[in-house]
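Everything on this sheet refers to the single structure shown next.
The values are calculated or read from the model by the stated rules, or taken from the named source; none is laboratory data. Here the structure is a predicted model, which is why all the values come from computation and not from measurement. Quick note on the areas: whole protein, heavy atoms, side chains included, nothing else; ligands and nucleic acids left out. Shrake-Rupley method; radii C 1.70, N 1.55, O 1.52, S 1.80 Å.
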Amino acid sequence: MAPWRSSTTGVSIALRVTPRGGRDGIDGIEQLSDGRSVLKVRVRAIADGGEANRAVLALLAKSLGVPKASVSLLSGATSRLKQVAVDGDPARLAEALHALASVKSTD
């Protein structure tokens with residue numbers, strides 16, 4: 001099951017973020033112990049004052065080819081597990097996410 005859901009305005013994505021991960025990147029899809037799927041994301045930024053959140057939003061915007069203003073944090077501001085919304089064409093975004101996730105999927 002994909003960790004994103006399409007809507008009429010874009011997609012919402014379930015993430016597991018690793019701050020201070022040594023590099024900025026998307027590491028595929030991971031299955032959590034409760035059965036949920038998440039997109040694994042790591043950023044170099046530290047989790048202080050929202051720095052890591054801003055880095056995650058910027059990384060997703062760049063990776064999906066959308067403006068930074070199109071990516072917003074829905075929930076999980078202080079948690080590793082986050083929900084992010086990306087505005088845009090849902091079909092194109094889902095296709096881009098599928099391509100990003102399939103490169104390094106770790107089920």
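Beta-bridge orientation, the chain: approximately 85 percent antiparallel, per DSSP, counting only bridges with both partners inside. Note on the chain: helix-only mean residue ellipticity at 222 nm, from DSSP H runs of 4+ residues weighted -39500 (n - 2.57) and normalised by residue number, equals -8500 deg cm²/dmol. Subtracting the Cα-Cα distance of GLU95 and SER72 from their residue separation scaled by 0.36 nm leaves 6.3 nm. Taking the inverse of the average 1/r across all pairs of different Cα atoms in segment 4-52, what Kirkwood radius in Å do you get? One over the average 1/r among Cα pairs gives 11.9 Å for segment 4-52. Solvent-accessible area assigned to carbon and sulfur over the chain amounts to 52 percent, based on a 1.4 Å probe.
What the chain shows is 55 Å² of accessible area per residue, with the surface traced by a 1.4 Å probe over protein heavy atoms. Judged by the ratio a/c of the largest to the smallest principal axis of the C-alpha gyration tensor, segment 11-83 counts as rounded, that ratio being less than 1.5.
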